[in-house]
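See below for the structure under consideration.
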Amino acid sequence: MTLVLNTLESGDYSEQIKALFAEKNEEIEIINTANLKIMHCMGCNNCWLKTPGICSIKDDYEIILKKLVSVENFWVVADTKFGFIDYRGKRVLDRIVPMLNMYIEIRDGWERHQLRYHPLNFGFIYKGDGNRELLKEWSMRVARNMAGRSLGVIALDKNETCEKVSESATAESAAWETAVPASAEHVIIINGSPRVKKNSNTNKIIDAFGEGLQQAGTTYDLYSLSNRSEWDRAREAFMTNNNIIIALPLFVECLPSLLQEFLSTLPTERRQPAKLSFILHGGFDEGHQLRLGEKFLQSLPAQLGCSCGGVLVKGGSFMLRNRENSYIKKMTDKMLASYATMGLSFAQNGNFMTPEAKKFTGPEKNPKIGVLLFNLVFKRIVKKNFDRIAQEWGCAEPLDSKPY
Ligand SMILES: Cc1cc2nc3c(=O)[nH]c(=O)nc-3n(C[C@H](O)[C@H](O)[C@H](O)COP(=O)(O)O)c2cc1C
């Protein structure tokens, strides 16, 4: 069976979408999410550690989850923004995490979460001016996370005008490249995580990075997008400062939908030059896991009228907020200290294009011996650790239970 989620808000594309599946000999259900109430994932982790498989946000997404457990093929139809799936489309994918469970295994060579149910194939249909190559790679990564295959990427139409706008934006931002001083005196940092500030790993990273900045005499202002009442001030700071860093966690292979929504509200033209840099981190250790997100981020500054200050990339951030265990604390202290060093480096160089920033990512892939040790020893230790955290969170069910 095939489920198609149509997240388009404007235009009636229903006949066109139906026609795409007309020749497929499958049972198909198309749901228009414009009629449903679906919020963004807040990254609370309850669906993994407190109420396994059940999302804490009580909205219409539960209807979709209940259908996903019995389908084989999952298609999302969405508009595009910045060449990528827009925030409405990304929102329905960020909410898919209850389909996986907390436990980690190595699947097709990479760290992955275990499936809660069965494999799911994934396909993407887009409207507007999408970066096809990026979307193809992203869809393939999403499918692999679900142990399925990519069903492909299909364009509903092609909007030529967007391409022209982004070309002129690129030319303007290149002309401004030299207008922003190399070393940084004051930086605006935006925390793009939807998780509340006190629980956010991104916030721990920013604190450590900020210590490094301050050592060099560089000051910074911080805005957290998880708090919508800070959005107006964050937007104002974004438009009136020349050195901006967005720090963000990887969410389903790219940006959290909440950050995408914020970026969509920014004015398209700037009145003064700015350099935009990124700190991108994610739960899994391997550098490779973050490369699609990095590729997308590198394309963003020009589309926002800024020059690009590079992307600092590092995995392994999942445990930063769970530091009660002394072994984990030692490990995470080391990681946070390395972010402080990068803060100092950014203050001196003004970007993440330095050799030390490139080296900061660490290994792209776990070495064979690491995979062997993980399967023989660490997998069980990691599992026990997650079971312990779940117990502390008051979880009453096994973490791999199937509620639907
Ligand atoms: C909805 C969701 C999707 C995620 N997707 C990925 C992913 O694709 N790859 C990855 O390495 N980590 C992924 N993570 C893990 C987060 O990037 C990681 O836990 C990060 O430390 C969270 O930072 P925060 O506490 O500031 O939100 C995901 C987490 C959530 C909640």
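Bear in mind these aren't lab numbers, they're just calculated from the coordinates by the rules spelled out. Only a predicted model underlies this, so the values are computations on that prediction, with no experimental measurement involved. Please note: Cβ atoms are built from the backbone with ideal geometry, for glycine as well, and neighbour counts cover all protein chains shown.
Out of every Cα pair in the range 288-345, what percent are spaced more than 13 Å from each other?
69
At 222 nm, what helix-only mean residue ellipticity would the chain give, in deg cm²/dmol to the nearest 500, using -39500 (n - 2.57) for each DSSP H run of four or more? Can you show the working numbers first?
Details: 14 runs with 154 residues, N = 404.
The helix-only estimate for the chain comes to -11500 deg cm²/dmol at 222 nm.
Rounded to the nearest 0.05, what FRET efficiency do Ser326 and Leu376 have when you use their Cβ-Cβ distance and R0 = 30 Å?
After rounding, the FRET efficiency stands at 0.80.
For the range 302-377 and the range 45-113, compute the distance between their C-alpha centroids and round to whole Å.
Centre-to-centre (Cα) distance: 25 Å.
At a 10 Å Cβ-Cβ cut-off, how would you order Lys136, Lys50, fewest neighbours first?
With the fewest neighbours first, Lys136, Lys50 line up as Lys136, Lys50.
Out of Lys368, Lys384, Lys127, any idea which swings most in a Gaussian network model of the chain, alpha carbons joined below 10 Å?
Answer for the Gaussian network model of the chain: Lys368.
With charges only on Cβ, +1 for K and R and -1 for D and E, what is the dipole size of the range 1-147 about its Cα centre, in debye, rounded to 20?
The calculation lands at about 460 debye.
How much length is gained if the chain between Ala216 and Arg107 is pulled fully straight, taking 0.36 nm per residue apart and subtracting their Cα-Cα distance, in nm to one decimal?
34.9 nm
Residue by residue, what Karplus-based ³J(HN,Hα) values in Hz, rounded to whole numbers, does the range 331-343 have, using 6.51, -1.76 and 1.60 with θ = phi - 60° and x for Gly and Pro?
Result, rounded to whole Hz: 5, 6, 4, 5, 5, 5, 4, 5, 5, 4, 4, 5, x.
Residue separation times 0.36 nm, minus the C-alpha to C-alpha distance between Ala22 and Lys295: what's the value?
Extra length available between Ala22 and Lys295 comes to 94.8 nm.
So what are the ³J(HN,Hα) numbers for the range 96-106, from phi and the Karplus equation (6.51, -1.76, 1.60; θ = phi - 60°), rounded to whole Hz, Gly and Pro as x?
7, 4, x, 6, 10, 10, 5, 5, 10, 9, 9
Counting only residues 5 or more places away or on other chains, whose amide H sits under 5 Å from the amide H of Asn6 once H atoms are built in the peptide plane?
Ile31, Asn32, Thr33, Val77
Rank these for me by crowding, Arg132, Arg88, going from fewest to most other beta carbons within 10 Å.
By the 10 Å Cβ count, ascending: Arg132, Arg88.
According to the square roots a ≥ b ≥ c of the eigenvalues of the Cα gyration tensor, what is the shape class of the chain, taking rounded for a/c under 1.5, prolate for a/b larger than b/c otherwise, and oblate for the remainder?
Numbers: a/c = 1.78, a/b = 1.12, b/c = 1.59.
Oblate is the answer for the chain, as a/c is 1.5 or above yet b/c matches or exceeds a/b.
I'd like the FRET efficiency for Glu185 and Ser56, computed as 1/(1 + (r/R0)^6) with the beta carbon distance as r and R0 of 35 Å, rounded to 0.05.
Computed FRET efficiency for Glu185 and Ser56 comes out at 0.25.
What order do you get for Trp393, Trp110 when you list them from fewest to most C-beta neighbours inside 10 Å?
Numbers: Trp393 13, Trp110 17.
Least to most surrounded, the residues fall as Trp393, Trp110.
Through the Karplus equation 6.51 cos²θ - 1.76 cosθ + 1.60, θ set to phi - 60°, convert the phi angles of the range 253-258 into ³J(HN,Hα) values in whole Hz; use x for Gly and Pro.
6, 7, 7, x, 4, 5
Determine, from the Cβ-Cβ distance of Arg132 and Leu36 and an R0 of 30 Å, the FRET efficiency 1/(1 + (r/R0)^6), rounded to the nearest 0.05.
That gives a FRET efficiency of 0.60.
Between Rg and the Kirkwood Rh of the range 178-359, both from Cα atoms, what is the Rg to Rh ratio? Write out the running numbers ahead of the final one.
Numbers: Rg = 15.2 Å, Rh = 16.3 Å.
Radius of gyration relative to Kirkwood radius: 0.94.
Measure up Lys50/Lys204; Lys197/Lys402; Lys334/Lys379; Lys37/Lys198; Lys50/Lys314 against 25 Å on the Cα-Cα distance and list the ones that go over.
Among Lys50/Lys204; Lys197/Lys402; Lys334/Lys379; Lys37/Lys198; Lys50/Lys314, the Cα-Cα distance tops 25 Å for Lys197/Lys402; Lys37/Lys198; Lys50/Lys314.
Taking N as the number of residues in the range 32-86, what is its Cα Rg relative to 2.2 N^0.38 Å?
In units of the 2.2 N^0.38 Å rule of thumb, it is 1.31.
Which percent, to the nearest 5, of DSSP beta bridges fully inside the chain are antiparallel?
Antiparallel: roughly 15 percent of the beta bridges in the chain.
Work out the length of the dipole vector of the chain about its Cα centre, built from +1 on the beta-carbon of each Lys and Arg and -1 on the beta-carbon of each Asp and Glu, and round it to the nearest 20 debye.
Around 1360 debye, computed over the chain.
Out of residues 5 or more away from Arg107 or on other chains, whose amide H comes under 5 Å of its own, with H placed 1.01 Å from N in the peptide plane?
Arg112
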